[in-house]
Amino acid sequence: MRPALSWPSSEHSNPEESMVDEAFYLQLQSFLLADSPCAVEWASAADAEGFYNICLLAYWPSKALYDKWTLDSGFRTWWESIDSDTQSHGWFLEVVCCPMDRFENIFSHAEPSQGAATMRTHVSGPVKEHHYWGSMRDRLPAGQTDELRAEKTAAGPSKASGVPGQQNVAMIRSGQDWSEALAEERQIYFATMQPVLKAGMDFLRHQGDEVGCISCRFMDVIDPATLRADRDRTFGLAYFEDVASLEGWSKKHPTHKAICV
């Protein structure tokens, strides 16, 4: 089984512009009524070029169910019919299908409620493979027999409408949730933890190529009705060339060491 993650998104010159295209958000929400995904999140972020992105992140337990949804809901027909020349902003669609032996989740509590973990059927309980360099790789079943090295392919002629992935690219979604934190805990988080986290995400967003990071977005979870970032939740969403690149940044780079102090 390959869980499928999909996020159709709009790209704007600034946050105010994103509030104008209400029809886009209503249209996307209408597609969710047919064979709806297991979980949905709305999020926003500024990308490396300074554009403001609004993303609908949706999760399915298998690619087959995702493919069925794109057809039955009418999403695929609608998406392929968009005429970019008539739009006031940009569009992009990311789809990730990851084999289960290359997929893992770890949380600090037993009731995860974010990201792909919302598709879970059960929680395994405490694990020993944590809090040491290389533990992420040890949690991946495929990591026991495969070095998971990047397999780069030469990029041939392509249209602006599609960019393929590559074998063994590593994707990470690391979330933060302070919605239930007490006042003192919130003060500690905003004063000592969030600043170094943002610094690390900014480094990956603007200079990630130095450590093998293909792209990084530090995203705010937003209210789908108002598009406001008022949910007290964020997450970093990044692609690395392979697991080794992610491990190298986390182990050696000062921006990650500052986060882990």
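The values are calculated or read from the model by the stated rules, or taken from the named source; none is laboratory data. None of these values were measured; they are calculated from a predicted model. FYI the Cβ positions are ideal-geometry reconstructions off the backbone, even for glycines, and counts take in every protein chain you see.
The helices (runs of 4 or more DSSP H) falling completely within region 149-261 that include 1 or more residues that are touching a residue at least 12 places away in the same chain (Cβ under 8 Å) map to 194-207, 243-252, 254-260.
If I filter region 233-242 for residues that are surrounded by fewer than 16 Cβ atoms within 10 Å (Cβ to Cβ) and not assigned by TED's automatic domain parsing to the domain that holds ASN53, do I get at least one hit? Explain how you work it out, then say what you get.
As a first pass, look at region 233-242 and keep what is surrounded by fewer than 16 Cβ atoms within 10 Å (Cβ to Cβ): none.
No.
Here is the figure for region 123-140: residues that are surrounded by 14 or more Cβ atoms within 10 Å (Cβ to Cβ) and either among the aromatic types (Phe, Trp, Tyr) or over 15 Å from LEU246 (Cβ atoms) (or both) total 1. Evaluation of LEU57 against the conditions (1) aliphatic (A, V, I, L, M); (2) closer than 20 Å to ASP223 by Cα; (3) out of contact with any Asp or Glu (no Cβ under 7 Å at 6 or more places or on another chain); (4) modelled with pLDDT of 85 or more shows that the sole unmet condition is (3). Remark: pairs (first residue in region 49-69, within 30 Å of GLY208 (Cα to Cα) and aromatic (Phe, Trp, Tyr); second residue at pLDDT below 90 and part of a helix (DSSP H, G or I); Cβ separation under 6 Å; 6+ apart in sequence or on different chains) = TYR52/PRO15; TYR52/SER18; TYR59/ALA116; TYR59/MET119.
ASP146 meets each of the listed conditions (1) over 19 Å from the mean Cα position of the chain (by Cα); (2) touching a residue at least 40 places away in the same chain (Cβ under 8 Å) apart from (2). Looking at region 91-109, which of its residues are over 14 Å from the mean Cα position of the chain (by Cα), within 22 Å of PRO164 (Cβ to Cβ) and assigned to a loop (DSSP other than H, G, I, E, B)? Once the filter is applied, which keeps residues that are over 14 Å from the mean Cα position of the chain (by Cα), within 22 Å of PRO164 (Cβ to Cβ) and assigned to a loop (DSSP other than H, G, I, E, B), region 91-109 yields only PRO99.
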